[in-house]
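Read the structure below first, then the notes.
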Amino acid sequence: MTRRTDIDVRPITEAEFADWQRALNTGFLMPPAVAAEQLEARRHLFVPGRSIGAFDGERCVATFRSFDQELTAVGGALVQADAVSNVTVSPTHRRRGLLTRMMARDLAAARERGDVVATLIAAEYPIYGRYGFGPATTMTEWTVDVPRAGLDPRRAVPGDGGRIDLVDGEDVRKLGPELHERLRRAQPGAVSRADLWWQTRTGVLSTDGSPWTEPFYAVYRSADGGVEGMVAYKADDRWGDAKQPLNTVTVQWLLAVTPAAERALWSYLFSIDWVTTVKSGWRAPDDLLPHLLPDPRAARITTQADWLWVRILDVVRALEARTYEGRGSLVLEVVDRWGSPRSSGPESGGGTSGGRWRLEAGPDGASCTATTESAHLVLDVGELAALWLGDESAVRLAALGRVREERAGAARVADALLRTSRRPWCPDMF
């Protein structure tokens with residue numbers, strides 16, 4: 001077995017990109033061979049210095065990639081994020097600390113750039129907590145029994161003067177980015193989308209090598225003609241024994257910046273002839289969908305799980321970036337068990353976010369400063385991430401033993417300051 005110190009962890013060169021892609025496919029249990037056209041499409045993702053590989057001799061045995069991203073904080077501020085993706089370790093090289101070395105190198109670089117947070121979508125729950133990440137948003141997918149829902153398909157036309165139009169991929173590329181920009185600036189937990197996102201979702205580029213099948217696209221225009229919603233969906237072709245259509249519509253993504261747009265798009269999907277089932281795709285856990293139906297029980301939860309994970313890199317800037325509906329103060333002792341302030345170098349863990357901070361917050365803004373005062377609440381940096389976007393409850397975490405109150409009632413004060421009226425949501429996979 002190769003010793004850990006003999007495995008070279010470093011940013012890859014463009015010439016090593018094909019070997020890195022082979023290791024990526026291997027780690028994700030996909031066919032290892034990468035077709036030339038697929039490799040060429042994926043080169044759009046290569047940024048010098050941001051794709052890391054672990055090399056045992058000449059062979060790449062672990063992969064890691066990050067890229068620049070903006071994350072929407074509570075209140076609409078955009079914070080700079082280090083988005084982590086494409087993390088794999090080949091099965092022959094597990095338990096050798098390769099992910100730790102790659103993560104340490106990347107987060108150290110993120111701190112050096114001045115990123116406020118790091119983000120990722122975790123394929124496996126137990127892995128990333130040890131690096132200071134915490135689950136900060138949740139996603140839910142519903143499967144709707146359309147006949148049971150109680151909607152009248154004859155009333156699918158929006159009653160507010162708006163309209164639904166079918167469009168093509170070119171229209172989506174023109175209209176989608178501006179619509180998404182409006183959504184993400186109002187939705188805590190949403191992230192920025194590069195132009196590549198729109199190209200791959202409309203068939204201009206393929207990064208997975210699969211044949212392109214165009215979905216249906218529909219937009220909702222308000223009475224004044226403005227685009228306020230958009231959906232992409234596919235349908236299967238299934239018929240029952242009695243020549244009865246039993247088709248399923250699967251939503252790939254749905255964006256809506258007003259409740260009227262959201263209601264109109266769902267009503268449209270439920271009114272399509274032959275469709276008896278609608279799968280919602282990944283939605284916010286407090287989405288309006290179930291209660292838009294006369295019978296909400298027609299919407300059955302088929303998936304509900306953690307989604308966006310966040311790692312706080314700069315506690316002060318993160319807490320000062322968001323808004324607070326209430327007013328109060330709190331002394332937080334943040335424990336960062338990964339990395340050490342005395343460590344240095346690219347594989348040291350990237351420093352620490354630990355410390356004691358006084359948060360003074362109100363509707364007119366917030367300040368966060370280092371303090372030597374006694375802590376009111378002691379929590380891990382990963383738990384702070386879960387609280388920062390407003391989805392988690394400090395009272396609940398205290399009951400679970402993951403937050404410790406040093407002053408009675410501090411968890412309730414934290415909830416009054418940090419929790420939000422609507423839950424954060426990240427519409428994207430990356």
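Only one of these conditions is not met by Q304: (1) within 22 Å of R201 (Cβ to Cβ); (2) within 25 Å of the chain's Cα centre (by Cα). Which number is it?
(1)
Which of the residues belonging to region 368-399 are in contact with a Ser or Thr (Cβ under 7 Å, 6 or more places away or on another chain) and either of a type in the set (K, R) or assigned to a loop (DSSP other than H, G, I, E, B) (or both)?
Across region 368-399, the qualifying residues are L389, G390, D391.
Conditions (1) assigned to a helix (DSSP H, G or I); (2) surrounded by fewer than 17 Cβ atoms within 10 Å (Cβ to Cβ); (3) of a type outside the set (V, I, T), marked per residue:
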site	(1), (2), (3)
V9	no, no, no
F17	yes, no, yes
P31	no, yes, yes
A41	yes, no, yes
V47	no, yes, no
A62	no, no, yes
R65	no, no, yes
Q69	no, no, yes
D106	yes, no, yes
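Among the residues of region 300-329, write down those that are part of a strand (DSSP E or B), in contact with a Leu (Cβ under 6 Å, 6 or more places away or on another chain) and surrounded by fewer than 23 Cβ atoms within 10 Å (Cβ to Cβ).
G328
Just checking, which of D106, D19, D56 is under 30 Å from G390 (Cβ atoms) and modelled with pLDDT of 95 or more?
D106
Name the residues in region 208-227 that are in a loop (DSSP other than H, G, I, E, B), closer than 21 Å to L196 by Cα and hydrophobic (A, V, I, L, M, F, W, C), would you?
Scanning region 208-227 gives a single hit, W212.
Can you find even one residue in region 157-165 that is surrounded by fewer than 15 Cβ atoms within 10 Å (Cβ to Cβ), of a type outside the set (K, R) and in a helix (DSSP H, G or I)?
No, that holds for no residue.
Tell me, which residue of region 142-156 that is surrounded by 15 or more Cβ atoms within 10 Å (Cβ to Cβ) and among the small types (G, A, S) is nearest to V219 (Cα to Cα)?
Looking at residues that are surrounded by 15 or more Cβ atoms within 10 Å (Cβ to Cβ) and among the small types (G, A, S), I get A156.
Results for (1) assigned to a strand (DSSP E or B); (2) open to solvent by 20 Å² or more (accessible area, probe 1.4 Å); (3) farther than 30 Å from Y324 by Cβ; (4) not charged (D, E, K, R), shown as yes or no for each residue.
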position: A110; (1), (2), (3), (4): no, no, no, yes
position: A118; (1), (2), (3), (4): yes, no, no, yes
position: Y125; (1), (2), (3), (4): no, yes, no, yes
position: T140; (1), (2), (3), (4): yes, no, no, yes
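For region 127-138, give me each residue that is open to solvent by less than 20 Å² (accessible area, probe 1.4 Å) and part of a loop (DSSP other than H, G, I, E, B).
Once the filter is applied, which keeps residues that are open to solvent by less than 20 Å² (accessible area, probe 1.4 Å) and part of a loop (DSSP other than H, G, I, E, B), region 127-138 yields G132, F133, A136, T137.
Output yes when any residue across region 258-280 is over 18 Å from A218 (Cα atoms), surrounded by 17 or more Cβ atoms within 10 Å (Cβ to Cβ) and in contact with a Lys or Arg (Cβ under 7 Å, 6 or more places away or on another chain), and no when none is.
No - not one qualifying residue is present in region 258-280.
Find the residue count for region 49-59, including only residues that are assigned to a strand (DSSP E or B) and not hydrophobic (A, V, I, L, M, F, W, C).
4
The values are calculated or read from the model by the stated rules, or taken from the named source; none is laboratory data. In this text the structure is predicted, and so the values were computed from the model without any measurement. Glycine also receives a Cβ, built like all others from the backbone with ideal geometry; neighbour counts cover every protein chain displayed. Please note that ligands, DNA and RNA were not included when accessible areas were found on the heavy atoms of the full protein model with its side chains. Shrake-Rupley method; radii C 1.70, N 1.55, O 1.52, S 1.80 Å.
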